[in-house]
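The values are calculated or read from the model by the stated rules, or taken from the named source; none is laboratory data. In this text, all values refer to a predicted model and were calculated from it rather than measured experimentally. Using ideal geometry, Cβ is built from the backbone for each residue, glycine included, and neighbour counts are taken over all protein chains shown. Quick note on the areas: whole protein, heavy atoms, side chains included, nothing else; ligands and nucleic acids left out. Shrake-Rupley method; radii C 1.70, N 1.55, O 1.52, S 1.80 Å.
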Amino acid sequence: MIRTILVFIVVVVETRVQAQLVPPVRQDGFVYPPGHRFDPDTILIEAYFDPVCPDSRDSWPPLKQALHHYGSRVALLLHLLPLPYHDNAYVTSRALHIVNTVNANATFSLLEGFFKHQPLFYNAQTIHLTRAAVVEKIVELGTVTLGKSYQSVLKSGFSDKKSDRATRVSFKYSGSRGVYGTPTFYVNGFVLSDAASPSNFGGWKKIIDPLVQAHNFIPYLRRS
């Protein structure tokens, strides 16, 4: 009896350690624009999105506009938080991880594809579909959005445990930062409250302009 209990404890502990996957092999998140290198003077925005969350969808255009406006002075690290009450959040997030292993630029194209066709993956629309049928719809959307070469990439990716593991890491990373809803934004490591989260380009300018001005002032002090 004691031996049985000990074996059970060892199995549970080992399972929990394996499930934690901390720390991951690489830092979580998708860099935008792809290939951007961070330095101490880069203003870093971290965004937590769910591909089938309407609020995430609506917050992306003004954020993207701000990133293009400020250029190299600002960078984005996009994290995925597949919310459990969005039935297809996990599988769409997994598709983004699959594509990212091939082409980081394609990751954001597919994200925008999910945003554009979001109603296809809402709970009510897929309530009678099997998971395999939903995956097939995702592969179809990915192929139309990115090109025929991504059809086999997506199909094989859903059979690869690496994409499943990467998506779990994203979920756990978001939880470790205390994030429980989407979209959530951090700027230089500090979370923006719901009230402070920008809903348009002007809102982002109010946050970023003072930071850019401060960065411009610091080199001046160093020269003097």
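Per-structure values
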item: Enumeration of residues in segment 150-193 that are loosely packed, with under 12 Cβ neighbours inside 10 Å and charged (D, E, K, R); result: Lys161
item: Close pairs from segment 194-209: first surrounded by 14 or more Cβ atoms within 10 Å (Cβ to Cβ), partner among the polar types (S, T, N, Q), Cβ under 6 Å, at least 6 apart; result: Phe201/Gln65
item: Odd one out for His69 among (1) surrounded by 14 or more Cβ atoms within 10 Å (Cβ to Cβ); (2) more than 16 Å from the chain's Cα centre (by Cα); result: (1)
item: Neighbours by Cβ (under 9 Å, 6+ apart or cross-chain): first from segment 83-105, open to solvent by 10 Å² or more (accessible area, probe 1.4 Å); second part of a helix (DSSP H, G or I) and of a type in the set (Asp, Glu); result: Arg94/Asp164; His97/Asp164
item: Any hit, segment 121-137, residues being under 13 Å from the mean Cα position of the chain (by Cα) and not in a helix (DSSP H, G or I); result: no
item: Matching residues, segment 116-149, being open to solvent by less than 30 Å² (accessible area, probe 1.4 Å) and under 23 Å from Trp60 (Cβ atoms); result: Gln118, Phe121, Thr126, Val134, Ile138, Val139, Leu141, Gly142, Thr143, Gly147
item: Residue check, Gly113 in contact (Cβ under 8 Å) with a residue 12 or more places away in the chain and either crowded, with 18+ Cβ neighbours inside 10 Å or assigned to a helix (DSSP H, G or I) (or both); result: yes
item: Matching residues, segment 11-42, being open to solvent by less than 80 Å² (accessible area, probe 1.4 Å), modelled with pLDDT of 70 or more and under 18 Å from the mean Cα position of the chain (by Cα); result: Pro24, Asp28, Gly29, Phe30, Val31, Tyr32, Pro33, Pro34, Gly35, His36
